[in-house]
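Every number in this text was worked out from the coordinates using simple rules, so none of it is lab data. Only a predicted model underlies this, so the values are computations on that prediction, with no experimental measurement involved. FYI the Cβ positions are ideal-geometry reconstructions off the backbone, even for glycines, and counts take in every protein chain you see.
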Amino acid sequence: MDLFSSAFKQGDFIPRKYTCDDADVSPPLFWEKVPDGTASFALISDDPDAPMGTWIHWVLFNLPASLRSLPENVPKDRELPDGSMQGITDFRRPGYGGPCPPGGTHRYFFKLYALDTMLNLEPGSTKTSVVMAMQGHILDQCKLMGKYRR
C-alpha cells in the first residue's frame, strides 16, 4: 500500500493549518494498492521525537474496507457515521490532535494498516489496545512522515 496527502509530501513540513498553532484539523489522506481480503483499516499517527517518549496524535480504527481516503478535518467524535471509531490520544480525547512540539523539529508518522478483520474494540480505545488487537491480522501497512518545527 501507499499513503499520501495532498497537503504535504513524504518528508516535507506539515502546513501550520494542521497543527496546534492554527486550526488543528486533520490533513487529507488517501491510499492505494490495497491488498485483497482487506476487511478494515486502522490509522495511527504519532511523534517518536517527543521528549517524554512517543506521543500519540491520532488513533482511528474499523475504517471500512471500501474507503480509500480521509477528508481534511475528520470530526473528533468517538464514532463516525461510516462506523469508524476513534481512540483516545495523548491529548486525552478522541480524534486528531496536530503537531505541537515543545521545540525543535519533530517527525510525525501517519501509519495505515490493512486488516483482515474488524477490531472488537470500543470507541475510545488506546493505541496499545488497537496494536494488540491488530496482531496477526495485518495484511499490509504503509506510512507517511511529515515534519513540524515551532
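Details
- Scanning the stretch 37-56 for residues that are β-branched (Val, Ile, Thr) and touching a residue at least 24 places away in the same chain (Cβ under 8 Å) yields Thr38, Ile44, Ile56.
- Among the conditions (1) touching a residue at least 40 places away in the same chain (Cβ under 8 Å); (2) part of a loop (DSSP other than H, G, I, E, B); (3) over 20 Å from Thr19 (Cβ atoms), Ser129 misses just one, which is (2).
- Looking across the stretch 115-126, the residues that are of a type outside the set (Gly, Ala, Ser), in contact (Cβ under 8 Å) with a residue 40 or more places away in the chain and out of contact with any helix residue (DSSP H, G or I) (no Cβ under 7 Å at 6 or more places or on another chain) come down to Asp116, Thr117, Met118, Pro123, Thr126.
- Verdict on Phe91 being surrounded by 15 or more Cβ atoms within 10 Å (Cβ to Cβ) and out of contact with any Leu (no Cβ under 9 Å at 6 or more places or on another chain): yes
- Residue in the stretch 103-120 that is crowded, with 16+ Cβ neighbours inside 10 Å, within 21 Å of Lys17 (Cβ to Cβ), among the β-branched types (Val, Ile, Thr) and in contact with a strand residue (DSSP E or B) (Cβ under 8 Å, 6 or more places away or on another chain) present: no
- Here Val34, Val59, Val74 are screened, and the one residue that is touching a helix residue (DSSP H, G or I) at 6+ places or on another chain (Cβ under 8 Å) and touching a residue at least 24 places away in the same chain (Cβ under 8 Å) is Val59.
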